[in-house]
Amino acid sequence: MRFLIAIALASTLIMVSCKKETKQEIKTEAIRFKKEGELTIFQSATDSTLVKLNIEIAETDYETQTGLMYRESMLENQAMLFIFPDNSVRSFYMKNTQFPLDIIYIDENFKIVSFQKNAQPLDEKGLPSEVPAKYVLEVNAGLSDKWGLSAGDKIDFTRN
């Protein structure tokens, strides 16, 4: 009888160990734009409004280091505004960024001071500001030209 129990137990173990393993597919959720404020860009010569944007704000170390990485796209009326504690020369890169951007550098007086236009996806080359900047605005590539932005134009933003 013990022999039959041992055979039954062994065959059960063999059957369990041969059971086909089901693999679970891990799905990552897409990162969605989170409207945290609104930003307006004004032409310096006339003070007229050039464009109004919904903005997501990057302010913490994690937010400023991650930025628009791992996202597939952004709407034309959306932008990411990076806010830094001081006015300093900044350098951005496109590591893990899936779509081209215009990078707009802005000083502590809310004045546009330089651009890096048409920054290419996944490029890890540094894209520095020409002069110190406190804010950096990222928009879809080509929009700074479409809107007619130039150095000296000003921004104003509000948080939600």
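The values are calculated or read from the model by the stated rules, or taken from the named source; none is laboratory data. On a predicted model such as this, the values are computed, not experimentally measured, just so you know. All Cβ positions, glycine included, derive from the backbone under ideal geometry; neighbour counts span all protein chains shown.
Considering only residues that are assigned to a loop (DSSP other than H, G, I, E, B) and not small (Gly, Ala, Ser), which ones fall in the stretch 119-149? Hits for the stretch 119-149 are GLN120, PRO121, LEU122, ASP123, GLU124, LYS125, GLU130, VAL131, PRO132, TRP147, LEU149.
In this structure, MET74 qualifies as modelled with pLDDT of 95 or more, under 14 Å from LEU137 (Cα atoms) and assigned to a loop (DSSP other than H, G, I, E, B).
Within the stretch 28-43, is even one residue of a type in the set (S, T, N, Q) and at pLDDT below 95? The answer is yes, given that some residue of the stretch 28-43 is of a type in the set (S, T, N, Q) and at pLDDT below 95. Of all residues in the stretch 94-109, exactly one satisfies the criterion of being buried (at least 16 other Cβ atoms within 10 Å of the Cβ), more than 11 Å from the chain's Cα centre (by Cα) and part of a loop (DSSP other than H, G, I, E, B), namely ASP107. Taken over the stretch 48-67, residues that are touching a residue at least 12 places away in the same chain (Cβ under 8 Å) and either in a loop (DSSP other than H, G, I, E, B) or aliphatic (A, V, I, L, M) (or both) amount to 8.
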